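Asks: Sending over a structure as structure tokens; questions will come in a sec.
Just so you know, all these numbers are worked out from the coordinates, no wet-lab data involved. Note that this is a predicted model, so its numbers are computed, not measured. Quick reminder, even Gly has a Cβ in these numbers, built from the backbone with ideal geometry, and neighbours come from all protein chains shown.
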Amino acid sequence: MKQWFTDLALGVRLALGGGRTSWVRLALTGAGIGIGVAVLLASASVTTVLSERDERQAANAPVTGEQTSGDVLYSTFWFTEYRGESITGRFVKGSGPDAPVPPGMSKVPGDGEVFVSPALAKLLESPEGELLRERFPQQLIGTIDDVGLNTPHDLLFYAGDATVPEDDGTAISRFGGQLTERALDPVLSLLVMVGVVALLFPVLVFVGISTRLAGAERDRRLAALRLVGAGSQRVRRIAAGEALLGAFVGLAVGTVLFFIGRQFVDDIQVLGLSAFVSDLTPSLPFAVMIAVLVPVMAVVTSVIAMRRTVIEPLGVVRRAKPVRRVLWWRLVPLVVGVGVLITQAGAFGGSQSRGSAPIVIGGIVMLLLAIPVLLPWVVERAVGRVRGGAPSWQLAIRRLQLESGTAARVVGGVAVVLAGGIALQSVMASAQSEVMDSPGPEVDRGRITINLRESTPELVEQTAGLVARTAGVAEVHTLRNLGFKAGEDDYHSAFVGNCEALRTQAVLPSCQDGDSFYVETAFSRGHRSLLKAGQRVTMFEDSTGDQREGPQWTVPEFTVVKPPSESINFQSGLLLTPSVARAMPVEPESSNLLVLIDQDERDVAEHVRNAVAPITWRSYVSYFGEADVSQRVEQFQSIRQGLLAGSLITLLLAGASLLVLALEQVRERRRPLAVLAASGVPRGALGRSLLWQNAVPLLLALVVAVGVGGALAVLLLRIMSQPIVLDWPGIAVLSGAAAFMVVVVTVLSLPSLRRATGALGLRSE
Amino acid sequence: MNDGGFTRGPGPVDGPGPVKVLLEAVDLHKAFGPTPALDGAGLSVRAGEVVAVMGPSGSGKSTLLHCMAGILTPDKGTVRYRDVELSAMGDGQRSELRRTEFGFVFQFGQLVPELSCLENVALPLRLGSVKRKEAESRAREWLERLEVSDVADKRPGETSGGQGQRVAVARALVTGPRVVFADEPTGALDSLNGERVMQLLVTAAKETNAAVVLVTHEPRVAAYSDREVVVRDGRSREMEPVT
Amino acid sequence: MSIGHTLLGLLEKGPRHGYDLKRAYDERFGQDRPLHYGQVYTTLSRLLRNGLVEEAGVEAGDGPERKRYAITGAGVTDVEHWLGTPEKPEPYLQNTLYAKVVLALLSGRSADDVLDVQRAAHLAAMRELTKRKASGDLADQLICDHALFHLEADLRWLELTAARLGQLKTAVTR
């Protein structure tokens, strides 16, 4: 055991002792592994981000309906929108000095006082938020601390309001409820699986590659050790020691990078989500796993790398003609992956998932693993038969024929990123096209609906007056509504208004006070039983809050009518003129103001919202005209963009590894390069040979990646029972980025080529 | 291909009168950092002659060779090839000059390890846009001439040191250069192999009327030259041939 | 090696009597073969006859050994010529060459020149042998090689000496 330790220590000592070059090599290795470790740490933090958020959400959740002897906080939930962003909050009133204080606030806001989240405060102060300021006339008495927020970008407020009804049913006795498990949409969770595997797998590949830099130099060093009498086992241990040092340096670099990087996480919003700096903490098990996995991988890969290299005392004997790679076992992961994924076809289709996530993940991993396993064989076979060509081409091809393993491994990582990206993009594109094509509900941009709660007729009148005076408003109609139950699970609504108001809901052949109608929509025809005149129904006493069953009522005679348009969603239900409604046993408590607006007026919705702001919690303004595309599509697009960005970042990481490797290769072959340059070979030809040397394996990798990525996409789409569509623009973007990367890497390695080919490269050591 | 550089003139050797100087270095100074490597060295090479440059290690022999071949630019002094100053040429022109008019043999590590010996020899021709077939048949002739046609299809790593150096000589001569720079060409070889390489090099150079600048510290190697120059402390000194 | 030239060279520093000369010679050049007394006088009398040295007075006392000799102008020229002429390149030259270098150093002449002249002569001989080797048969080649290796050894010694001249100078002029 002690012997082991001394050997490892000697390895570390050797890795450090070579002067400047060994430090450069260590720095490159550290950087390569470090970038990977930082990405891994960030991914390991996702679970913390989510659980922290869930915990905060639970801690902030108000507990209502409890019997309590102490003071309570009466509150009503409220939300509004501002240019497409939703702002949520509560109007509150404490029942006494001991009323529970919401998390993140110093006290319960008094009447006319308000606490806002930092993001909302910023919005209110900015010129962009000018129109919004009218909606918060309260006195700002402070901002809500992080503990009261889910994410740094929450737009949240708590306003004190003396008019909040003292309803014991919704009174808050304390904050902090049960943690609720969130279930992701199965399709979405499958996408997340592919994403995680496709993005993290290459990181591991690159960590593996980084530990194997400067192989030739290391082999010479170890051969020297054999010369002085170290056994081959000991040499392996010493090599492991060297690899360990690189891994530890990489871990340290990665940790530092991660902690520097997370300072900026506050400013980043991915998929409309964001996280607090303190949330981005790797979960302990994952962190431990990374800390163990990276050094182990380093040691394992370095030992595997030496398998082909017999380290002999008199220099390094590489088997002159490497054994030709065998195909059959390289096909195993591919076959297994395809097989596994085929069996899961349709498993995640629809809303219910019947499939098993581990099996699908296993299949994806297998299929992606097939790429780095297959590529060395593909590169060897593809390059092996090439003859001739320009000298620069010949130089590159011969180099690849002699040793294609390293190149194949590096581009293998790139290919995994590409294949994962292609599969993801295709799956997303397919899902999106389905969403886009499905005839979603059209929205009527010409109308705004204002729902008023606990509204007296006076209040309704007053509000209608306020709204009518707003610029851009054409007409305001009042519709009061009620709910009733015609039988078990058979609910209906009734709208009360004058004939002009009712005409906004349906096409009426004729109308005078005393008439009744029933609007039948395409949806209601299929789902609801038709009411009959004279039918006895049970009225609800409050159609917005707790629906308590009230007195009975008899349905009057009515005419069946159609909504103004079949493509726009209209509610089905009874339309009653005021005199019919007067015969009803309950007074409608909730009213809707239908506002017809001039769509060309800018910000008309904001002006309407501001107009009703004085009645605070009693109003909800709904307007769908702002969203250009349906929200689901938007969400999909943002996820797609996020994944594309993720793929590009991983590609960047691949580029960094490729660059490190290219530099290393130039350094290793300094002398022949210097001699060629001295003999008058133009530097351009040498540069071109570097380019080919990088580009040829990458081109092959692209072909394999498109093939495997396409196959993966098809298999996943079958699993999700989605139409099979490949995302060619996405494939083009990713392939283009990869090609661009090769050019950049080559250009960046040219200065080192220039240095190597100077006369100093000719000096014999 | 010829971008204002060199057209090969008629060989000026056997003409009447004094033999014209082909390559001339005058008063070269070159320092690497604070240490001067050349301190007023000079050398003139006439067509077809073999000049040995001798001197102790670190005296500046190789630096003189690198400057004369246009690999290094001297800090001070001039190098002329056929009355054109090398420092007046661009990097590309100098590369072309080295590829077409000069040839190089170094002590070791000059062959591209990935290419076969035949391809290595053909490489300079291919860079001069000679067709592959022709380049390889000319390369094969040269390998034969240097008695190493048996290693044509092997990679340099699979040949012995002597064979490798002969391949290197073939590569240096295949373009028909006017000057061959040989920097310790036998440094890594035993006496017998060294002798053979020198014999083949000098014979072939004489046959093609190429001048040879031979840097060596071995007198027996230098004895293949027509005259010698000694470099000491960065200064060169022409030895008067004894009659 | 030429004892006459060596004695002349030693006399360049100033007149000495015969016994002194023998001692100076033995000290510097005669490690393995000290001069016979008679050899000194035979040589001196030859030099005297050729006008290269002259008698420079007799010290008090009697006996021929009290006689002092000094170098003449002709003698200096003769030394100069000798130093400037390379020895015929042949094996086992060290003694003569060493004497030449030391005397050059003693008399403040350039020892580098002495060595370079010799080196050119050696190389010329080697070139000749190399050429002969190329055209000769195997026996010729072997004979030439033998000579070449010996000459090379000499040349290497010359190189080494040249590199150590500074050291040698302090040693001989001490």
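Asks: Classify region C:86-174: rounded, prolate or oblate, from the alpha-carbon gyration tensor (a ≥ b ≥ c, eigenvalue square roots; a/c under 1.5 rounded; otherwise prolate if a/b is larger than b/c)?
Replies: It comes out prolate by the Cα gyration axes.
Asks: Taking a ≥ b ≥ c as the square roots of the eigenvalues of the Cα gyration tensor of region A:447-626, is the shape rounded (a/c under 1.5), prolate (a/b larger than b/c) or oblate? Before the final figure, lay out the partial values.
Replies: Values: a/c = 1.87, a/b = 1.47, b/c = 1.27.
Cα axes put region A:447-626 in the prolate bin.
Asks: For the pair A:GLU128/A:ALA27, report the inter-label distance in nm, with labels modelled 7 Å from Cα in the Cβ direction.
Replies: Reported label-point gap for A:GLU128 and A:ALA27 is 4.0 nm.
Asks: Count, for each residue of B:124-136, the Cβ atoms from other chains sitting within 10 Å of its Cβ, then give me the mean as a whole number.
Replies: Mean inter-chain Cβ contacts per residue within 10 Å come to 3.
Asks: Please work out the ratio of the alpha-carbon Rg of region A:62-175 to 2.2 N^0.38 Å and round it to two decimals.
Replies: Normalised by 2.2 N^0.38 Å, the Cα Rg of region A:62-175 equals 1.05.
Asks: Tell me, in nm to one decimal, what length is gained between A:ILE359 and A:GLU166 on full extension, where the rule is 0.36 nm per residue of separation less the Cα-Cα distance?
Replies: Working it through step by step, the gained length comes to 64.1 nm.
Asks: Per-residue mean of other chain beta-carbon atoms within 10 angstrom of the beta-carbon, peptide A:386-399?
Replies: Partner Cβ neighbours, averaged per residue: 4.
Asks: Here's a follow-up. Given points 7 Å out from each Cα along the Cα-Cβ axis, report the C:LEU168 to A:ASP490 separation in nanometres with one decimal.
Replies: The two pseudo-label positions are separated by 13.0 nm.
Asks: Here's another thing I want to ask about it. Hey, rough spin-label estimate for B:SER87 and A:ARG536, points 7 angstrom out along Cα→Cβ, what's it come to in nanometres?
Replies: Modelled inter-label distance: 11.8 nm.
Asks: Pick out which of B:PHE102, B:PHE181, B:PHE32 has the largest mean-square fluctuation in a Gaussian network model of chain B, springs linking Cα atoms closer than 10 Å.
Replies: Among B:PHE102, B:PHE181, B:PHE32, the largest mean-square fluctuation in the Gaussian network model of chain B belongs to B:PHE32.
Asks: Now, a different point. Given N residues in chain B, what is Rg(Cα) / (2.2 N^0.38 Å)? List each step's numbers first, then the result.
Replies: Working: Rg = 17.4 Å, N = 243, 2.2 N^0.38 = 17.7 Å.
Normalised Cα radius of gyration, chain B: 0.98.
Asks: Calculate, for C:GLN39 and B:LYS76, the FRET efficiency according to 1/(1 + (r/R0)^6) with r their C-beta to C-beta distance and R0 41 Å; round to the nearest 0.05.
Replies: Step by step, r from the Cβ atoms, then E = 0.15.
Asks: In region A:62-175, what percentage of the DSSP-assigned beta bridges are antiparallel, given to the nearest 5?
Replies: Looking only at bridges with both residues in region A:62-175, the antiparallel portion is about 65 percent.
Asks: Here's a follow-up. Quick check: the angle from helix B:161-173's long axis to the longest principal axis of chain B, C-alpha only, nearest 10 degrees?
Replies: Taking Cα atoms only, the helix is inclined about 70 degrees.
Asks: Quick one: which residues, 5 or more positions from B:LEU28 or on another chain, have an amide H under 5 Å from its amide H? H modelled 1.01 Å from N in the peptide plane, none for Pro or chain starts.
Replies: Amide H neighbours of B:LEU28: B:GLY40, B:ALA41, B:GLY42.
Asks: Would you mind getting me the FRET efficiency between B:VAL26 and A:LEU748? Use the beta-carbon distance for r and R0 = 56 Å, nearest 0.05.
Replies: 0.85
Asks: Is the shape of region C:1-84 best called rounded, prolate or oblate, per the rule: a/c under 1.5 gives rounded, else a/b larger than b/c gives prolate, else oblate, with a ≥ b ≥ c the square roots of the Cα gyration tensor eigenvalues?
Replies: Here region C:1-84 falls in the oblate category.
Asks: Still on this model: Working from Cα positions, state the angle (0 to 90°, nearest 10) between the long axis of helix B:91-100 and the longest principal axis of chain B.
Replies: 60
Asks: While we're looking at this one, here's another question. A:ILE649 to A:SER278: extension gain in nm, 0.36 nm per residue of separation minus the Cα-Cα distance?
Replies: Once the chain is fully extended between A:ILE649 and A:SER278, it gains 131.2 nm.
Asks: With a Förster radius of 25 Å, plug the Cβ-Cβ distance of A:LEU596 and A:GLU85 into 1/(1 + (r/R0)^6) and report the FRET value to the nearest 0.05. If you can, show how the numbers build up before the last one.
Replies: On the way: r = 25 Å, r/R0 = 1.00.
Given R0 = 25 Å and the Cβ-Cβ separation, E is 0.50.
Asks: Between C:ALA153 and C:ARG49, what is 0.36 nm times their sequence separation minus the Cα-Cα distance? Round to one decimal in nm.
Replies: Going from the current span to full extension adds 33.6 nm.
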